[in-house]
Amino acid sequence: MFNNILLMLGHKDVPSQKLVEFLKKKTKKIKISYPSSNIKKKFFNVKNKHYDFIFCFRSKYILRNGNLKKAKYATINFHPGPPEYKGIGCANYALYDEVKKYGVTSHLITSNKIDEGKIIDVVRFKIKNNENISELLKKTNRHLLKQALKIINKLHKNPNVLDNLIKKFIHIKWTHKMKSKKYLDKFYQIDIRATKKNFNKKIRCTNTNKYKPYITLFGKTFLLK
């Protein structure tokens with residue numbers, strides 16, 4: 001059983017809560033960081049505070065080198081995208097690129113660089129021809145939870161299994177340059193000169209309940225409803 005775990009979450013949703021319940025059964029003590037937490041003060045500024053593992057599940061908080069030293073064995077990120085897509089907006093870009101397969105990746109965090117650490121697991125799955133961004137994100141979150149449960153269960157049995165996992169995926173590397181949040185915001189804009197095909201493709205890969213594609217005309221922005 002783990003003695004002490006820090007779980008850093010990026011969302012308060014069903015997959016995240018299922019992971020919390022799973023970890024509560026595997027550890028004597030668990031600290032949970034939700035998106036609104038004062039992370040630095042609560043979890044890293046406490047003197048002599050250390051964790052067996054730090055797990056990041058869709059968390060956007062960038063860990064600094066001092067934070068990473070708080071993990072006895074490792075800090076692991078569960079990334080909702082394959083190694084070909086780093087950072088944010090991965091599913092959006094995958095749909096726009098019309099790739100046939102997507103995936104999820106678990107990797108070590110050893111610096112404050114985003115999605116750069118050694119890969120310990122990759123799971124890939126097909127994208128359906130008519131699948132939109134909301135559907136792909138839901139599927140991705142299901143696969144990411146399943147991957148996290150699998151990896152954490154292995155670590156629970158033997159924390160030293162990490163070396164074997166790294167060797168298994170040593171041939172898989174991160175590719176593509178990571179795009180910024182500013183780039184993603186701009187990606188949601190639809191060119192008013194777009195063809196019908198590109199217009200529909202952009203809607204497919206950007207339109208959700210929370211985020212909407214938009215056009216800009218004569219200095220005014222119009223969101224899709």
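The values are calculated or read from the model by the stated rules, or taken from the named source; none is laboratory data. The shown structure was predicted, so the numbers you read here are calculated from the model rather than taken from an experiment. Glycine also receives a Cβ, built like all others from the backbone with ideal geometry; neighbour counts cover every protein chain displayed. Heavy atoms of the whole protein, side chains included, go into the accessibility calculation; ligands, DNA and RNA do not. Shrake-Rupley method; radii C 1.70, N 1.55, O 1.52, S 1.80 Å.
The residues on offer are Asn77, Asn92, and the sole one that is under 19 Å from Val104 (Cα atoms), touching a Cys at 6+ places or on another chain (Cβ under 6 Å) and outside any strand (DSSP E or B) is Asn92.
If you check Ile170, Ile119, which single one turns out to be surrounded by fewer than 17 Cβ atoms within 10 Å (Cβ to Cβ) and either closer than 29 Å to Thr75 by Cα or among the hydroxyl-bearing types (Ser, Thr, Tyr) (or both)?
Values: Ile119 fails: surrounded by fewer than 17 Cβ atoms within 10 Å (Cβ to Cβ).
Result of the check over Ile170, Ile119: Ile170.
Considering only residues that are farther than 13 Å from Trp174 by Cβ and either β-branched (Val, Ile, Thr) or surrounded by fewer than 14 Cβ atoms within 10 Å (Cβ to Cβ) (or both), which ones fall in the stretch 100-109? If the condition is that a residue be farther than 13 Å from Trp174 by Cβ and either β-branched (Val, Ile, Thr) or surrounded by fewer than 14 Cβ atoms within 10 Å (Cβ to Cβ) (or both), then Lys100, Lys101, Val104 are the ones that fit.
Pick from the stretch 183-197 the residues that are open to solvent by less than 60 Å² (accessible area, probe 1.4 Å), in a loop (DSSP other than H, G, I, E, B) and of a type outside the set (Val, Ile, Thr): which of them is nearest to Tyr85 (Cα to Cα)?
So, considering only residues that are open to solvent by less than 60 Å² (accessible area, probe 1.4 Å), in a loop (DSSP other than H, G, I, E, B) and of a type outside the set (Val, Ile, Thr), the one nearest to Tyr85 (Cα to Cα) is Tyr188.
Each residue in the stretch 141-182 was checked for being touching a helix residue (DSSP H, G or I) at 6+ places or on another chain (Cβ under 6 Å) and more than 20 Å from Pro82 (Cα to Cα), and 3 of them qualify.
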